[in-house]
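Participant: After the structure tokens below, expect a handful of questions from me.
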Amino acid sequence: MRVYLLIAAIAGGATWLVTPLVRHLAIRIGAVGKVRARDVHTVPTPRMGGLAMLVGFAVAMLFASRIPFISGLFQSSHQAWVILAGAVAICLLGIADDLWDLDWMLKLAGQLLISVFVSWGGIQIISLPLGSLVTASPSLSMAITAFLIVASINAVNFVDGLDGLAAGIVAIGGIAFAAYSYIIARISPSYASLATLLDVALVGICVGFLLHNWHPAKLFMGDSGSMLLGYLITCASIVVTGRLDPATIHTSLYLPAFMPILLPILVLFLPVLDMCLAIVRRLSHGQSPMHPDRMHLHHRMLKIGHSVPSAVLILWGWAALFSLGSLSILFVPASYAFIGFVLAAGLLTIATLYPYYRRRIPEIRRENAALAQARQLSGKPAAHEAAPGHARIDSDESDQ
């Protein structure tokens, strides 16, 4: 465990140190995003922060390759180097988009090519813990793996809309994956785990970048960062999930058989939910799935009345509830985990809706008071007409 904490610290420290240099480089080469209609920030801010995270990740991986406890992972297989090469490629693609705003189809094609390369290099879903993969064909396994990588890359890209949001959500997911993969590694003869290594390095670069990316951000991660984070967390998920021995998981008292399937879904639940809602919303309006708008989850949080920091913290809370909450069943009875989940969800719901009701309840009271006053004013003429004096005048006129 101490080795993994050291690697996370190295990744975070390297990212934190390099980020100011990357910021100056981004300003010098013109990687400064203009303020668009859908943006929350009001001042042009340099992007390309993914380059700093890539440097931090590469330094951590190179350092890990020299540690005796983990060096065997680099010697026995080339998976770690394939993942690092894919990280460099996906970050370069993101840098190109940060500089020149690539067409979404071109960017998607690049993501697909990189994902196929990584899958071809051995990062594949070979089997699922609930049984062998239905697809015995290696080419179909590569296709499924590439699809998952591309989907996760774009899910994290979609949720990257507020300072610190994407980095925090991915860091929380990385912590959950790191804990889970570490538990699995302790069952195996060797404690060394490539998935745990990837996760702790991922958490490190997220935390190191967050120190510069918290509101108001000095540097945006840009597509170079969001695509890199989505890529890395998916690769870690595939490494820990796609090659588990079903017999080992099924006979374990500590690892439910469904956990390897459930955890990857819950870790990226918030980004995937946001992406799915955006695609359905845009297609229903006859727009491209990549057409930008201001209807993402973080935009809705701001419309409710949250500030940027409070919106980010609450969305972090939801991400932690789904990812870390799912791990609780490994340590406590399922009934207790469910009760805790419900209580935490209730508290987060109150925190999410509090600004709306704090503003809306006085508005409703004012509307009700205005309606009651209008009813009183409209009722006065009717009472005036029914007064006795007026009734007598009417009767006298009729007599005349």
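The values are calculated or read from the model by the stated rules, or taken from the named source; none is laboratory data. Please read all numbers here as calculations on a predicted model, not as lab measurements. Ideal geometry is used to build each Cβ from the backbone, glycine not excepted, and the neighbour counts take in all protein chains shown.
Yes or no, residue by residue, for (1) under 24 Å from GLY204 (Cβ atoms); (2) at pLDDT 85 or above; (3) within 22 Å of the chain's Cα centre (by Cα):
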| site | (1), (2), (3) |
| --- | --- |
| LEU51 | yes, yes, yes |
| GLY56 | yes, yes, yes |
| LEU84 | yes, yes, yes |
| ASP103 | no, yes, no |
| GLY131 | no, no, no |
| VAL150 | no, yes, yes |
| VAL156 | yes, yes, yes |
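Participant: Do you know which residues across the stretch 183-222 are over 24 Å from LEU21 (Cα atoms) and polar (S, T, N, Q)?
Facilitator: Result: SER188, SER190, SER193, THR196.
Participant: Using the structure shown, decide if ALA278 is surrounded by 13 or more Cβ atoms within 10 Å (Cβ to Cβ), in a helix (DSSP H, G or I) and more than 16 Å from the chain's Cα centre (by Cα).
Facilitator: Judged against the criteria, ALA278 is not a match.
Participant: Something else about it: Restricting attention to the stretch 84-93, does a residue exist that is over 28 Å from PRO289 (Cα atoms), touching a helix residue (DSSP H, G or I) at 6+ places or on another chain (Cβ under 6 Å) and surrounded by 15 or more Cβ atoms within 10 Å (Cβ to Cβ)?
Facilitator: Yes, because at least one residue in the stretch 84-93 is over 28 Å from PRO289 (Cα atoms), touching a helix residue (DSSP H, G or I) at 6+ places or on another chain (Cβ under 6 Å) and surrounded by 15 or more Cβ atoms within 10 Å (Cβ to Cβ).
Participant: Also, I was wondering about something else. Pairs needed: first member in the stretch 94-120, closer than 21 Å to ILE29 by Cα and in contact (Cβ under 8 Å) with a residue 40 or more places away in the chain; second member anywhere, among the basic types (Lys, Arg) and assigned to a helix (DSSP H, G or I); C-beta distance under 6 Å; at least 6 residues apart or different chains.
Facilitator: Listed pairs, sorted by first residue: ASP97/LYS107.
Participant: Just one of the numbered conditions (1) in contact (Cβ under 8 Å) with a residue 12 or more places away in the chain; (2) within 30 Å of ASP293 (Cα to Cα) is not true of ARG28; which one?
Facilitator: (1)
Participant: Give the residue, chosen from PRO309, PRO289, that is in contact with a helix residue (DSSP H, G or I) (Cβ under 8 Å, 6 or more places away or on another chain) and surrounded by fewer than 17 Cβ atoms within 10 Å (Cβ to Cβ).
Facilitator: Selected residue: PRO289, the only one of PRO309, PRO289 that is in contact with a helix residue (DSSP H, G or I) (Cβ under 8 Å, 6 or more places away or on another chain) and surrounded by fewer than 17 Cβ atoms within 10 Å (Cβ to Cβ).
Participant: How many residues does the stretch 313-357 contain that are over 22 Å from the mean Cα position of the chain (by Cα), modelled with pLDDT of 85 or more and either within 26 Å of CYS206 (Cα to Cα) or not β-branched (Val, Ile, Thr) (or both)?
Facilitator: 11
Participant: Same structure, new question: Would you confirm whether or not the stretch 103-116 contains a residue that is more than 30 Å from GLN287 (Cβ to Cβ) and not acidic (Asp, Glu)?
Facilitator: No, the stretch 103-116 has no match at all.
Participant: Condition first: in a helix (DSSP H, G or I), at pLDDT below 90 and of a type in the set (D, E, K, R). Can you find one or more residues in the stretch 176-188 that meet it?
Facilitator: Yes - at least one qualifying residue is present in the stretch 176-188.
Participant: Check whether at least one residue in the stretch 43-65 is farther than 25 Å from THR196 by Cβ, hydroxyl-bearing (Ser, Thr, Tyr) and touching a Leu at 6+ places or on another chain (Cβ under 9 Å), and report yes or no.
Facilitator: For the stretch 43-65, residues farther than 25 Å from THR196 by Cβ, hydroxyl-bearing (Ser, Thr, Tyr) and touching a Leu at 6+ places or on another chain (Cβ under 9 Å): present.
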